[in-house]
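Working notes, structure below.
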Amino acid sequence: MATMLPLTDSHGRTKRKLRISLTDRCNFRCTYCMPERPDWLPRASLLERHEVLRLAGIFVDQGIGSIRLTGGEPLLRRDLLACVEDLSSLRARGLERLSMTTNASRIASLAGRLVRAGVDDFNVSLDAVDADVFRRMTRREAGPVFDGIDALVAEGAKVKLNAVVVRGENDDQVLPLLGWAMRRGLPLRFIEYMPLDAPGHWHRDEVVSEAEIVDAIRGHHRIERQARGNDPATPYLVDGDYPLGIISTVSQPFCSTCDRLRITATGELFTCLFSATGTPLGARMREGADDDALQALVRQAVWLKDAGYASRPGPVDRATTMHAMGG
Ligand code: SAM
Ligand code: SF4
């Protein structure tokens, strides 16, 4: 149970969701996220399983109800199942939902065990249905991802698809992806390309905006905008009943309702995806800080969270990459 007042920042936004990056390592090299030859964080600096659980508990005790495991690629953690079981035990302290964001390429043999260990839902990144476009964007093959999605569906898992749209790379995939997802009955969210790629090649012209995505769909389907909730995606209904989301961080930032926090694979707390600096909870923990001291660091960092991307759009100058922080 939460032992304190909720985590609220000075702009009045209460934090309900935490993303935990379990590793910066990834078996893919998506061009909008990773360089071809990344410099990985030193292995010894990555949080160990018991450290992940301890930090997560500190957030749950302060009102975080939802945890999403991400990376890098969370499936590269050898102790992933044990991590999930650990975190699932936090339900007794108030955790309501445990989710995972994955490229799914290594999930086929693990899908059932992950569901049974406590993962409530999965977001799977799928940027193209065309094999050549997929290969160009991820520098890897699409086959294992489709196998992974099939395995999750066969296990009865709740699955959502995420597609980052980059002009000149996969903007021709908007309709094929939508058609594929509608036929499978899997909700899809398009994500505007954000200035967070580790190579730093992002350019505003490559962002395909929410309005452009809607226009591309409108010629072929009935698409109606729905009332916005707490989710970062603008909800739409396509052809009357299919739920589509569009996350428009660049063209229409939703910072004023942001309820998320993030910790990197080394336990650095970032109160915004676009913050230039973080709070080194992992390092303080290893220096011997007790739970009260860590809670105080979290509360202070959250209180000082600034207005967000809306107040300072564009690339961020920092060493921490998207694959270390998790999207
Ligand atoms: N490897 C897992 C995956 O790809 O789903 C989890 C980590 S990945 C960093 C989390 C999410 O961030 C993915 O949905 C990915 O598409 C998204 N992402 C990465 N770089 C991005 C960028 N520059 N702009 C928008 N989304 C991005
Ligand atoms: Fe890996 Fe995910 Fe980044 Fe692609 S988006 S390189 S799968 S961490």
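The values are calculated or read from the model by the stated rules, or taken from the named source; none is laboratory data. Please read all numbers here as calculations on a predicted model, not as lab measurements. Neighbour counts are summed over all protein chains in view; Cβ atoms, including those assigned to glycine, are modelled from backbone coordinates with ideal geometry. Each accessible area value is taken on the protein alone, full model and side chains, heavy atoms only, with ligands, DNA and RNA left out. Shrake-Rupley method; radii C 1.70, N 1.55, O 1.52, S 1.80 Å.
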Would you mention how many residues in segment 238-247 are touching a Lys or Arg at 6+ places or on another chain (Cβ under 8 Å) and surrounded by fewer than 17 Cβ atoms within 10 Å (Cβ to Cβ)? 2
For Gly245, state whether it is within 30 Å of Pro176 (Cβ to Cβ) and either part of a strand (DSSP E or B) or touching a Cys at 6+ places or on another chain (Cβ under 6 Å) (or both). yes
Which listed residue, of Arg13, Arg37, is of a type outside the set (Phe, Trp, Tyr), modelled with pLDDT under 95 and surrounded by fewer than 16 Cβ atoms within 10 Å (Cβ to Cβ): Arg37
Is at least one residue of segment 214-235 open to solvent by 20 Å² or more (accessible area, probe 1.4 Å), of a type outside the set (Asp, Glu), within 16 Å of the chain's Cα centre (by Cα) and under 30 Å from Leu55 (Cβ atoms)? yes
Within segment 105-140, the residues that are more than 17 Å from Tyr193 (Cα to Cα), among the hydrophobic types (A, V, I, L, M, F, W, C) and within 16 Å of ligand 1 (Cβ to nearest atom) are Ile107, Ala108, Leu110, Ala111, Leu114, Val119, Phe122, Val129
How about segment 186-199: which of its residues are assigned to a strand (DSSP E or B) and open to solvent by less than 20 Å² (accessible area, probe 1.4 Å)? Leu188, Phe190, Glu192
Which one of the conditions (1) assigned to a loop (DSSP other than H, G, I, E, B); (2) farther than 25 Å from Gly12 by Cα; (3) more than 19 Å from the chain's Cα centre (by Cα); (4) small (Gly, Ala, Ser) does Ala211 fail to meet, given that it meets all the rest? (1)
Scanning segment 279-318 for residues that are assigned to a loop (DSSP other than H, G, I, E, B) and within 16 Å of ligand 1 (Cβ to nearest atom), which turns out modelled with the lowest pLDDT? Arg318
So which of Trp202, Trp180 is over 29 Å from Leu18 (Cβ atoms) and open to solvent by 10 Å² or more (accessible area, probe 1.4 Å)? Trp180
For segment 153-172, does any single residue satisfy the condition of being in contact (Cβ under 8 Å) with a residue 12 or more places away in the chain, farther than 19 Å from His221 by Cα and in a helix (DSSP H, G or I)? yes
Within segment 268-278, can you find the residues that are assigned to a loop (DSSP other than H, G, I, E, B), crowded, with 16+ Cβ neighbours inside 10 Å and hydrophobic (A, V, I, L, M, F, W, C)? Cys272, Leu273, Phe274
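The rows are residues; the columns are (1) in contact with a helix residue (DSSP H, G or I) (Cβ under 6 Å, 6 or more places away or on another chain); (2) under 28 Å from Leu7 (Cβ atoms).
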residue: Thr23; (1), (2): yes, yes
residue: Met34; (1), (2): yes, no
residue: Gln62; (1), (2): no, yes
residue: Leu76; (1), (2): no, no
residue: Arg91; (1), (2): no, yes
residue: Leu110; (1), (2): no, no
Here is a list of conditions, (1) within 16 Å of ligand 1 (Cβ to nearest atom); (2) modelled with pLDDT under 95; (3) over 24 Å from Asp132 (Cα atoms), and Arg228 meets all of them except one; can you say which number that is? (1)
Show me the helices (runs of 4 or more DSSP H) entirely contained within segment 43-144 in which 2 or more residues are without any contact (Cβ under 8 Å) to a residue 12 or more places away in the chain and open to solvent by 30 Å² or more (accessible area, probe 1.4 Å). 131-138
Output the residues belonging to segment 149-163 that are open to solvent by 20 Å² or more (accessible area, probe 1.4 Å) and either within 14 Å of ligand 1 (Cβ to nearest atom) or not small (Gly, Ala, Ser) (or both). Asp150, Val153, Glu155, Lys158, Lys160
Do you know which of the residues in segment 16-29 that are in a loop (DSSP other than H, G, I, E, B) and surrounded by fewer than 21 Cβ atoms within 10 Å (Cβ to Cβ) is nearest to ligand 2 (Cβ to nearest atom)? Phe28
Pair list, Cβ < 8 Å and 6+ apart or interchain, from segment 228-251 residues that are free of Cβ contacts under 8 Å to residues at least 12 places away in the same chain to residues that are part of a loop (DSSP other than H, G, I, E, B) and among the aliphatic types (A, V, I, L, M): Pro235/Ala227
